[in-house]
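Peer 1: Below is the structure I would like to discuss, written out as structure tokens.
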Amino acid sequence: MFTASLGVFLFGLLAAIAGGAVGAAIGGNYAFVMTGFMVLASWGIFAATGNTFGFDYLAFGPFFGPYVAFAGGVAGAIYATYKGYMTDGKDVNSPLAGLGKPDVLMVGSLFGVFGYLVQIGISYIPWFGKHTDSVALTVLISGLAARWMFGGVKKQQLFTGSMHNPELFHEDASSFPAKIKPGPNGRWLEWQEKPSQLITIGSLFGIFAGAASIFLAANVGAYLTSRGLPNHLAAANANSFAFGISAIIILFLITNRNMPVQHHVTNIAGLAAVQFFPLLMGSTFASFKWTATSTWDSHTWLMVVVALIIAAVAGIVAAVLAELAARLWYNRGTSHIDPPAAAIWISNTLVVTLAAWMS
């Protein structure tokens with residue numbers, strides 16, 4: 001959307017400058033909650049008009065796109081810690097405007113611009129740009145860059161931050177998985193780190209998201225078709241609906257409730273459901289014509305059941321990958337490197353590539 005002309009590119013660039021600063025000002029997680037609200041608002045716009053500008057600009061563009069606003073909050077937090085303005089570089093909850101330091105917001109702006117440019121660059125990589133989640137990958141790259149720049153010793157050298165902080169590995173461990181096991185030296189979500197917990201969250205939230213995604217793809221897609229609009233647009237955006245709900249749930253996590261963090265699960269499970277359902281119906285994602293669920297026969301519903309099982313498996317994979325990313329980068333680190341973002345881009349690439357290969 002933002003490369004159609006020089007003018008629209010510069011418009012997006014200015015929006016990203018502001019968006020990164022806003023994300024830092026209100027705090028990264030609050031910015032991400034706003035992304036969730038923007039997703040739901042964008043669905044209302046889309047269902048009524050068939051226009052995707054809400055997704056393209058409001059939810060996943062420079063307004064409240066995570067690679068701009070959330071990433072700006074992440075970078076602002078570790079920069080503020082590096083400067084000695086605060087003590088916890090992982091704190092993506094606190095609104096950084098309360099520090100009263102304009103330079104913190106300027107860093108948010110810089111990383112908003114960084115995210116804007118990197119996301120565009122990734123989307124233009126041949127093949128890969130169309131077979132991954134460029135938004136999530138940009139969030140991860142931005143977090144890694146912020147750690148590298150500001151995650152070293154406070155007020156000393158830049159570009160010395162460690163990605164793994166090996167000095168905090170478990171000393172008595174003989175294998176790498178044992179060294180990075182969560183514990184007193186650091187953990188992400190204590191209620192969401194064991195295999196049984198990951199399987200439960202991944203599968204059940206996966207089914208939750210898969211069902212919603214298929215229902216929206218079918219019924220909104222059929223409605224748009226009746227108005228002469230493209231049939232596939234609802235399916236292309238269907239996984240974002242449950243993702244938006246999951247993002248809003250982060251609001252309750254901020255209030256010190258032990259909420260499940262599962263936007264990576266709902267995103268990928270919803271994607272898997274709408275990607276594989278057409279294959280189960282003997283078609284492809286690109287050519288499948290979505291019809292209203294009220295017209296479906298028993299066979300179609302049975303294929304939906306299979307698609308939801310696939311969604312559950314995809315949700316588990318995403319949950320496991322997020323925990324692995326947390327153990328690699330987040331748990332012992334000095335800043336927030338987002339585990340769900342790492343899980344989303346890897347899982348998205350796997351799902352889209354596998355579906356394309358099977359088509």
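The values are calculated or read from the model by the stated rules, or taken from the named source; none is laboratory data. All values reported here derive from a predicted model rather than from experimental measurement. Cβ sites come from the backbone with ideal geometry, for glycine too, and all protein chains shown count toward neighbours. Each accessible area value is taken on the protein alone, full model and side chains, heavy atoms only, with ligands, DNA and RNA left out. Shrake-Rupley method; radii C 1.70, N 1.55, O 1.52, S 1.80 Å.
Peer 1: So Pro62 passes all but one of these: (1) crowded, with 24+ Cβ neighbours inside 10 Å; (2) part of a loop (DSSP other than H, G, I, E, B); (3) touching a Ser or Thr at 6+ places or on another chain (Cβ under 9 Å). Which condition number does it fail?
Peer 2: (3)
Peer 1: Could you give every pair whose Cβ atoms fall below 8 Å, whose first residue belongs to region 258-278 and is in contact (Cβ under 8 Å) with a residue 24 or more places away in the chain and on the phi > 0 side of the Ramachandran plot, and whose second residue is among the polar types (S, T, N, Q) and in a helix (DSSP H, G or I), counting only separations of at least 6 or pairs across chains?
Peer 2: none
Peer 1: Now a separate question. When you go through (1) open to solvent by 10 Å² or more (accessible area, probe 1.4 Å); (2) not in a loop (DSSP other than H, G, I, E, B) one by one for Ala235, which number turns out not to apply?
Peer 2: It fails just one condition, (1).
Peer 1: A further question on this structure: Taking region 3-39 as the search range and keeping residues that are open to solvent by 20 Å² or more (accessible area, probe 1.4 Å) and among the aromatic types (Phe, Trp, Tyr), which one is nearest to Ile122 (Cα to Cα)?
Peer 2: Phe9
Peer 1: Right, next: Scan region 173-200 for residues that are outside any loop (DSSP other than H, G, I, E, B) and open to solvent by less than 30 Å² (accessible area, probe 1.4 Å) and jot them down. Break it down stepwise before answering.
Peer 2: Looking only at region 173-200, we keep the residues that are outside any loop (DSSP other than H, G, I, E, B), and these are 176-179, 183, 186, 190-192, 195-200.
Gly183, Gly186, Gln192, Leu198 - these are the residues of region 173-200 that are outside any loop (DSSP other than H, G, I, E, B) and open to solvent by less than 30 Å² (accessible area, probe 1.4 Å).
Peer 1: Moving to a separate point now. Go through (1) within 30 Å of Leu280 (Cα to Cα); (2) assigned to a loop (DSSP other than H, G, I, E, B) for Ala209 and report which single condition fails.
Peer 2: (2)
Peer 1: For region 290-304, does any single residue satisfy the condition of being without any contact (Cβ under 8 Å) to a residue 12 or more places away in the chain, of a type in the set (A, V, I, L, M, F, W, C), assigned to a helix (DSSP H, G or I) and surrounded by fewer than 24 Cβ atoms within 10 Å (Cβ to Cβ)?
Peer 2: yes
Peer 1: May I ask you to list the residues in region 29-68 that are among the polar types (S, T, N, Q) and closer than 17 Å to Asn239 by Cα?
Peer 2: Step one: filter region 29-68 for residues among the polar types (S, T, N, Q), giving 29, 35, 42, 49, 51-52.
Those that are among the polar types (S, T, N, Q) and closer than 17 Å to Asn239 by Cα: Thr35, Ser42, Asn51, Thr52.
Peer 1: If I ask for residues that are open to solvent by 20 Å² or more (accessible area, probe 1.4 Å), more than 19 Å from Phe150 (Cβ to Cβ), in contact (Cβ under 8 Å) with a residue 12 or more places away in the chain and touching a helix residue (DSSP H, G or I) at 6+ places or on another chain (Cβ under 6 Å), which ones from region 111-131 would you list?
Peer 2: Hits for region 111-131 are Gln119, His131.
Residue-wise test of (1) open to solvent by 10 Å² or more (accessible area, probe 1.4 Å); (2) among the hydroxyl-bearing types (Ser, Thr, Tyr); (3) touching a Gly at 6+ places or on another chain (Cβ under 8 Å); (4) part of a helix (DSSP H, G or I).
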{"position": "Ala47", "(1), (2), (3), (4)": "yes, no, no, yes"}
{"position": "Ala71", "(1), (2), (3), (4)": "no, no, yes, yes"}
{"position": "Ala77", "(1), (2), (3), (4)": "no, no, yes, yes"}
{"position": "Thr87", "(1), (2), (3), (4)": "yes, yes, no, no"}
{"position": "Lys90", "(1), (2), (3), (4)": "yes, no, yes, no"}
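Peer 1: Could you list, ordered by first residue, the pairs with Cβ atoms under 8 Å in which the first is in region 87-110 and under 27 Å from Leu13 (Cβ atoms) and the second is in a loop (DSSP other than H, G, I, E, B) and among the basic types (Lys, Arg), at least 6 apart or interchain?
Peer 2: Lys101/Lys83; Asp103/Lys83; Val104/Lys83
Peer 1: From the list Thr293, Thr266, exactly one residue is within 20 Å of Ala355 (Cβ to Cβ) and among the polar types (S, T, N, Q). Which is it?
Peer 2: None of the other options fit; the residue is Thr266.
Peer 1: Could you tell me which residue of region 315-352 is nearest to Gln197 (Cα to Cα), considering only residues that are open to solvent by less than 10 Å² (accessible area, probe 1.4 Å) and of a type in the set (Ser, Thr, Tyr)?
Peer 2: For region 315-352, the residue satisfying everything is Ser347.
Peer 1: If Gly54 passes every condition in (1) small (Gly, Ala, Ser); (2) closer than 24 Å to Val92 by Cα; (3) free of Cβ contacts under 8 Å to residues at least 40 places away in the same chain; (4) touching a Phe, Trp or Tyr at 6+ places or on another chain (Cβ under 8 Å) but one, which one does it miss?
Peer 2: Just one mismatch for Gly54, condition (2).
Peer 1: Which one is nearest to Phe285 (Cα to Cα), of the residues in region 325-352 that are of a type in the set (D, E, K, R) and not in a helix (DSSP H, G or I)?
Peer 2: Pass one, region 325-352, residues of a type in the set (D, E, K, R): 327, 332, 338.
Still in the running and not in a helix (DSSP H, G or I): 332, 338.
Numbers: Arg332: 41, Asp338: 30 Å.
Per the stated criteria, the residue is Asp338.
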